[in-house]
Amino acid sequence: MSKRNRLQSLLDSSIADPSDFPQRELGHLDSSLTCKICREFYRGPVSLSCGHCFCSLCIRNSMTSKQECPVCRKCANEGQIRPVAALEEIVESWKAARALVLTLATANGESSRLTPEESISAIAGPSTPNKRRKLVSEDGLIDCPICHTFVPFDAINMHIDSGCKSTSTPSKPKQKAEWSKVFSKRSKDSAQESDPDRRLPKLNYHTMKEKQIRELLSQAELSTAGDKNALTARHQQWTILYNSNQDRSASQRQDLERIRKELKKWEAEGKARKVDIDDTDEYQRLHKQDFIELIERARRSRFHSHKPQSSRGREGGSPIEEPEVSEVTDPIEVD
Amino acid sequence: MALAHTRRLNKELAEIHAGTPVGINLVNADTFEKWLFTIEVMGTSEYEAKKFLLMFRFDNTYPISAPAVQFVVDDTHKAPVHPHVYSNGHICASILGREGWSPVLTVIAVCITIQSMLASCKKKEPPLDNDRYVPRAPENPKKVSISLMVSPLLA
Ligand SMILES: [Zn+2]
Ligand SMILES: [Zn+2]
Ligand SMILES: [Zn+2]
């Protein structure tokens with residue numbers, strides 16, 4: 001493949017991969033910014049108490065199966081999840097700079113026939129440098145210096161005292177009041193702006209009536225079709241999608257309509273159906289491997305391979321998915 | 001979000017095409033439902049100069065839940081004789097169960113585990129309950145009921 005074509009195919013590919021870089025150091029940098037669960041650049045990165053980071057959506061999905069950190073296996077739960085705003089900014093900056101770095105690195109790593117102008121024009125995509133993020137929003141929300149979520153100004157002290165757990169002014173006595181507040185028609189479109197720090201609570205669906213769950217779904221403008229299991233699965237996933245979106249910084253968040261679409265896609269994929277229970281765990285306690293070492297070995301073996309990069313192709317016939325075009329959100333400026 | 005498991009598998013495939021550990025080779029990954037690898041134990045071992053065919057099956061819960069993994073047993077392939085491998089190809093390994101699996105594990109990590117499980121084998125013998133297990137086991141090892149596979153714990 002010609003130089004130009006190869007470069008172009010790398011740039012066109014939605015599948016950014018650390019091995020795109022001829023230099024190992026850049027490959028390491030690239031892979032250090034990817035989530036170990038989905039292997040893609042962190043989206044709404046969050047950390048757990050152990051310090052390991054994942055995409056918010058990835059770890060929230062993982063926790064529905066097991067309450068532990070997938071890397072170190074320490075116990076973990078939703079309450080530990082904290083957005084890591086600095087990491088999100090690093091990832092977004094790297095994504096914006098990646099094509100340029102890749103061009104320079106490829107030109108440097110091998111001899112290139114591209115002139116600098118050509119290289120630049122080849123990468124001048126939608127990636128524009130981020131402007132500074134605002135610290136205080138128009139609605140008087142303040143960027144918490146600890147967890148970097150937006151908290152109402154009058155609630156910031158309480159928020160910090162609570163270890164960044166409380167997200168708003170003193171909690172309502174009734175959860176139901178909370179729900180209606182989140183979902184009420186009046187506030188639904190402005191919910192994200194007026195209270196960007198809001199997370200939906202984890203509910204005990206067993207103790208709830210089918211009617212209550214249906215009510216919640218309808219308030220969130222979601223489908224109310226199906227039996228209690230279906231309603232529960234839908235609302236559970238809605239909570240995951242909603243909360244993981246909230247873990248992204250304001251400029252990276254998607255609107256509720258987009259999240260509703262994602263929920264629909266999720267149901268269409270059939271993930272809503274009850275997953276086969278793996279009974280295998282009880283008797284498969286033997287051979288407990290040190291799996292962190294295992295991952296390291298697997299990773300090392302990759303860097304030790306000597307196959308030419310250009311042979312790294314998608315084999316014909318693989319059902320490669322349409323690249324998902326991520327929305328470019330305008331960065332918010334400070335005056 | 002859509003088809004997250006195929007995106008993740010695609011990433012793994014790119015790495016696999018870039019190179020696999022010695023003794024582990026991709027045979028077929030034409031779809032994102034089923035992949036086949038050959039596993040060979042390098043150096044001196046009970047399984048010297050033998051190649052086994054390892055099958056992975058994925059559904060859209062991957063990588064949150066483990067893939068279904070087993071040795072292929074047909075006219076031309078046999079499962080290795082091993083205290084944790086049933087003669088129908090089903091494998092008893094902690095990382096394939098709910099407790100031992102982690103979504104940061106990969107197909108290659110599973111291959112390496114199975115390879116080292118074979119490499120460390122001291123005595124080539126089938127699981128104690130092989131004859132009881134095999135006739136009753138479902139085709140897919142992920143659908144095995146808990147009461148069926150007990151002997152490896154006693155072995
Ligand atoms: Zn992720
Ligand atoms: Zn951890
Ligand atoms: Zn805070």
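Ignoring everything except DSSP H segments at least 4 long, calculate the 222 nm mean residue ellipticity for chain B; use -39,500 (n - 2.57) per segment, divide by total residues, nearest 500.
Numbers: 4 runs with 39 residues, N = 155.
The per-residue figure over chain B is -7500 deg cm²/dmol.
May I ask you to order A:29-35, A:51-57 by the average number of other C-beta atoms within 10 Å around their residues, highest value first?
Numbers: A:29-35: 17.9, A:51-57: 21.9.
Top of the packing list down: A:51-57, A:29-35.
Roughly how many nanometres apart are two label points built 7 Å out from the Cα toward the Cβ at A:Cys75 and A:His206?
Rounded to a tenth, the inter-label distance reads 1.8 nm.
With every protein chain in place, what's the accessible area of A:Arg60 (1.4 Å probe, Å², nearest 10)?
About 20 Å², rounded to the nearest 10.
Return the FRET efficiency for the residue pair B:Lys50, A:Arg24: r is the Cβ-Cβ distance, R0 is 35 Å, and the value is rounded to the nearest 0.05.
Efficiency at R0 = 35 Å is approximately 0.50.
What ranking, highest mean first, results for peptides B:23-31, A:84-92 when packing means the other Cβ atoms within 10 Å averaged over each residue? Before the final figure, lay out the partial values.
Values: B:23-31: 15.8, A:84-92: 18.2.
With the highest mean Cβ count within 10 Å placed first, the list reads A:84-92, B:23-31.
To the nearest 100 Å², how much accessible surface do chains B and A hide from each other in total, with a 1.4 Å probe? Don't skip to the answer; put the middle values down first.
On the way: alone 8830 and 21100 Å², together 24370 Å².
Summed over both sides, the interface buries about 5600 Å².
On a 0 to 90 degree scale, rounded to 10, what angle separates helix B:107-119 from the longest Cα axis of chain B?
The helix B:107-119 is inclined about 20 degrees to chain B.
Averaged across B:49-62, how many Cβ atoms of other chains sit within 10 Å of each residue's Cβ atom? Mind dumping the intermediate values first?
Values: counts 0, 0, 0, 0, 0, 0, 0, 0, 0, 0, 4, 6, 6, 0.
Taking all residues of B:49-62 together, the mean is 1.
List the pairs from A:Lys95/B:Lys11; A:Lys36/A:Lys228; B:Lys51/B:Lys142; A:Lys74/A:Lys209 whose alpha-carbon separation is above 28 Å, in the order I gave them. Before the final figure, lay out the partial values.
Numbers: A:Lys95/B:Lys11 17 Å; A:Lys36/A:Lys228 34 Å; B:Lys51/B:Lys142 24 Å; A:Lys74/A:Lys209 34 Å.
As for pairs spanning more than 28 Å Cα to Cα, those are A:Lys36/A:Lys228; A:Lys74/A:Lys209.
Over the stretch B:2-154, what is the relative contact order in percent, taking alpha-carbon pairs closer than 8 angstrom and at least six residues apart? Mind showing how you got there, number by number?
Values: 244 pairs, mean separation 30.3, N = 153.
Computed value for the stretch B:2-154: 20 percent relative contact order.
Hey, got the average number of other protein chain Cβ atoms within 10 angstrom for residues in A:67-77?
Details: counts 0, 2, 2, 7, 3, 2, 2, 0, 0, 0, 0.
Per residue, the number of nearby Cβ atoms from other chains is 2 on average.
May I ask you to derive the relative contact order of the stretch A:32-100, considering only C-alpha pairs under 8 Å and at least 6 residues apart, and to give it as an integer percent?
On the way: 83 pairs, mean separation 21.7, N = 69.
Normalised by residue count, the contact order of the stretch A:32-100 is 31 percent.
Could you work out, residue by residue across B:20-33, how many beta carbons of other chains sit within 10 Å of that residue's beta carbon, and then give the average as an integer? Walk me through the numbers before you get to the answer.
Numbers: counts 5, 7, 2, 0, 2, 0, 1, 0, 1, 2, 5, 3, 4, 1.
Going residue by residue through B:20-33 and averaging, the value is 2.
What distance in nm separates the simple spin-label points at B:Asp59 and B:Asp129, each placed 7 Å from Cα in the Cβ direction?
2.3 nm
Please give the helix B:4-18 orientation as an angle from the longest Cα principal axis of chain B, in degrees from 0 to 90, rounded to the nearest 10.
80 degrees
The values are calculated or read from the model by the stated rules, or taken from the named source; none is laboratory data. Just so it is clear, the structure is predicted and the values come from calculations on it, not from any experiment. Counting neighbours? That spans all protein chains shown, and the Cβs are built from the backbone with ideal geometry, glycine included. The protein model used for the area step is the full one, side chains on, heavy atoms only, and it has no ligands, DNA or RNA in it. Shrake-Rupley method; radii C 1.70, N 1.55, O 1.52, S 1.80 Å.
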